[in-house]
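The values are calculated or read from the model by the stated rules, or taken from the named source; none is laboratory data. All of these numbers come straight from a predicted model, not from anything done at the bench. Quick reminder, even Gly has a Cβ in these numbers, built from the backbone with ideal geometry, and neighbours come from all protein chains shown. These area figures cover heavy atoms from the full protein model, side chains too; ligands, DNA and RNA do not enter into them. Shrake-Rupley method; radii C 1.70, N 1.55, O 1.52, S 1.80 Å.
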Amino acid sequence: MTTARETINVTYRLETAGDVEALAAKIAADQSTGTFTELPGETEEVRARCAARVVEIRPLEPTDVPSIPAPGGTGPYHRADAVIAYPLEAVGTDIAALMTITIGGVYAVRGLTGIRVMDIDLPQAWSCHPGPQFGIPGSRRLMGVEQGPMIASIIKPSLGLLPEETAEVVAQLCEAGVDFIKDDEKLMSPGYSSLEARVKAIMPVILDHEQKTGKKVMYAFGISSADPDTMIRHHDCVVEAGGNAAVININSIGYGGMSFLRKRSQLCLHAHRNGWDILTRHPGLGMEFRAYQKLWRLLGVDQFQINGIRAKYWEPDESFVGSFHDLATPIFSENDRSLPVVCSGQWGGQAVETYRRTGRTLDLMYLGGGGIHGHPMGAAAGVRAIRQAWKAAELDIELEDYARDQPELASALAKWG
């Protein structure tokens, strides 16, 4: 008795002046057993074992303007979502193999004017990857937040503060009542604020606050490095000082760096996805977050920054909402869900809409930088204003109505609303 072959199904959004089905078939051949001509070694047995196949074509409206410039070309440019199935036996469960076979080479195919990876459906064999060590429940436990959103902040200014000056800001934020503080993603181990010096200055503040209040604020140190050995030394420095979290610039350290770190990590890993925009800003090229985030979750991301409603960067609200729902969707089990981190220009004014558009869940971290530090009544009031905004969301009350009895929220609305 034979069983159906297991496959990795990749959905591509294809665009071409020619025939979309022919282009999809070419990709399937080029990225598996075929080449530009017939081969004596490409037997039916080989194809049955390792050939990729087009399993679905979903036509889309054509476009008159190609995503990739096509000098001398004329439209219309035909578009479709094509699902190509790659045999698991040919790819295995290694991410380098997956990226090389199903993604890396397809952008080089002749004849396309646009290609975007929309989704990757992985078979159960891929559950071999470790996934988040802490995820949502572990993040709550480490921060001591049993319910409600986890309120977070970031050190501002993001660059330039000396370790002792950074520690002063940390003390202010701890007193303000945040659950989580992070290094800016741009801060790793510069000359003026080495990782070691920063840990030495900050951790006593965190531990002293815990001793006084019983609450250990989670502080995520920027430990990223292209050298895995350096990154592990940074990791160990944080652990030895009593820290429990790290900021990881996932695109900068790469899949191998993340795999190396996760196998050895004792820290809650907070992912910053800077560089993802290179992959996704052009709608006819690159990759959807739906596909991108699955690989990083399987590698061990515990907390995932995904921007927010009315973010200060380019990303539209619909993209953020989609990203939030992508993170909320299990790959293989509830345990592989990362904590969504809502960030980028957040001050509380977006809380109600965020709550309503993300499934009315409170399983999230809400990160305010300027929205806390820049509050007219001070950082503590900035934290209270955000908590008040989320309480309004949970009670399904409009912010302006709830703010009538909440001076901190009223002040935030007056400044930023």
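Taking amide H atoms as placed 1.01 Å from N in the peptide plane, list the residues 5 or more away in sequence, or in a different chain, whose amide H sits under 5 Å from that of Gly222.
Amide H neighbours of Gly222, under 5 Å, 5+ apart: Asp183, Val247.
Rank Leu279, Pro87, Ala311 by how far each Cα sits towards the positive end of the charge dipole of the chain (+1 on Lys, Arg Cβ; -1 on Asp, Glu Cβ) and give me just the farthest.
The residue sitting most towards the positive pole is Ala311.
Run the Debye formula on the Cα coordinates of the stretch 123-188, all scatterers equal and no solvent, and tell me log10 I(q)/I(0) at q = 0.17 1/Å.
Reported log10 I(q)/I(0), two decimals: -0.75.
With Cβ to Cβ distances under 14 Å as the rule, what net charge do the other residues near Ala80 carry (K, R +1; D, E -1)?
Around Ala80, the charge tally is -1.
For the charge dipole of the chain, defined by +1 on Lys and Arg C-beta atoms and -1 on Asp and Glu C-beta atoms about the Cα centroid, which residue among Gly371, Thr100, Cys237 has the Cα displaced farthest towards the positive pole?
Positive-most Cα among the choices belongs to Cys237.
Name the residue farthest towards the positive end of the dipole of the chain from the options Phe324, Ala51, His78, assuming +1 on Cβ of Lys and Arg, -1 on Cβ of Asp and Glu, about the Cα centre.
The residue sitting farthest along the positive end of the dipole is Phe324.
Taking the Cα centre of each part, how many Å lie between the stretch 371-413 and the stretch 187-223?
Rounded to whole Å, the Cα centres lie 28 Å apart.
In terms of the Cα gyration tensor, with a ≥ b ≥ c the square roots of its eigenvalues, is the chain rounded because a/c is under 1.5, prolate because a/b exceeds b/c, or oblate? Write down the numbers at each step before the final one.
Values: a/c = 2.30, a/b = 1.72, b/c = 1.34.
Prolate, since a/c reaches 1.5 and a/b exceeds b/c.
Based on the alpha-carbon gyration tensor of the stretch 176-276 and its eigenvalue square roots a ≥ b ≥ c, which shape applies: rounded if a/c is under 1.5, prolate if not and a/b is larger than b/c, or oblate?
It comes out prolate by the Cα gyration axes.
Within 10 Å, count the other beta carbons around each residue, average over each peptide in 182-191, 382-391, 365-374, 289-298, and list them highest first.
The packing order, highest mean first, is 382-391, 365-374, 289-298, 182-191.
Would you work out the relative contact order for the chain, in percent, from Cα pairs under 8 angstrom that are 6 or more residues apart?
15 percent
Evaluate the charge dipole of the stretch 266-305 about its Cα centre and quote only its size in Debye, nearest 20, assuming +1 on the Cβ of each Lys and Arg and -1 on the Cβ of each Asp and Glu.
For this selection, approximately 80 debye.
As a test of the definition: which semi-axes, in Å, follow for the stretch 93-163 when you take the square root of five times each eigenvalue of its alpha carbon gyration tensor? Largest first, please. Write down the numbers at each step before the final one.
Details: eigenvalues 281, 103, 33 Å².
Computed over the stretch 93-163, the values are 37, 23, 13 Å.
Considering the convex hull of the alpha carbon atoms of the stretch 149-222, report its projected area averaged over all viewing directions, in nm², one decimal.
Its average projected convex-hull area is 4.4 nm².
Regarding the stretch 48-157, what is the average projected area of its C-alpha convex hull, in nm²?
13.0 nm²
If one takes the longest principal axis of the Cα atoms in the chain, at what angle in degrees, from 0 to 90 and to the nearest 10, does the Cα axis of helix 228-240 lie?
Roughly 30 degrees between the two axes.
From the square roots a ≥ b ≥ c of the eigenvalues of the alpha-carbon gyration tensor of the stretch 206-353, which class results: rounded (a/c under 1.5), prolate (a/b over b/c), or oblate?
Values: a/c = 1.89, a/b = 1.30, b/c = 1.45.
Verdict is oblate for the stretch 206-353.
When the Debye formula is applied to the Cα atoms of the stretch 285-417, each taken as the same point scatterer, what base-10 log of I(q)/I(0) results at q = 0.10, 0.11, 0.13, 0.20 Å⁻¹?
One equal scatterer on each Cα of the stretch 285-417 leads to -0.34, -0.41, -0.55, -1.10.
Which percentage, to the nearest 5, of the DSSP beta bridges contained in the chain is antiparallel?
In the chain, approximately 50 percent of DSSP beta bridges are antiparallel ones.
Roughly how many debye, to the nearest 20, is the charge dipole of the chain about its Cα centre, given +1 on each Lys and Arg Cβ, -1 on each Asp and Glu Cβ, and no other charges?
I would put it at about 480 debye.
With a 1.4 Å probe and all protein chains kept in place, how do Phe134, Phe260 rank by accessible area, largest first?
Details: Phe134 35, Phe260 55 Å².
My answer, sorted largest first, is Phe260, Phe134.
Using only Cα atoms, find the angle between the long axis of helix 20-30 and the longest principal axis of the chain, and express it within 0 to 90 degrees, rounded to the nearest 10.
For helix 20-30, the angle is close to 90 degrees.
If the only charges are +1 at each Lys and Arg Cβ and -1 at each Asp and Glu Cβ, what is the size of the charge dipole of the stretch 199-271 around the Cα centre, to the nearest 20 debye?
180 debye
Would you work out the relative contact order for the stretch 42-132, in percent, from Cα pairs under 8 angstrom that are 6 or more residues apart?
28 percent
Around Glu164, what is the net charge, scoring Lys/Arg as +1 and Asp/Glu as -1 over all other residues with Cβ under 12 Å from its Cβ?
In short, 0.
Bin all alpha-carbon pair distances of the stretch 323-384 at 10 Å intervals from 0 and give each bin's fraction as a whole percent.
With a bin width of 10 Å, the distribution comes to 21, 44, 25, 9, 1.
List the relative contact order of the stretch 259-417 as a percent without decimals, with contacts defined as Cα pairs under 8 Å and 6+ residues apart. Walk me through the numbers before you get to the answer.
Values: 229 pairs, mean separation 27.4, N = 159.
Relative CO of the stretch 259-417 lands at 17 percent.
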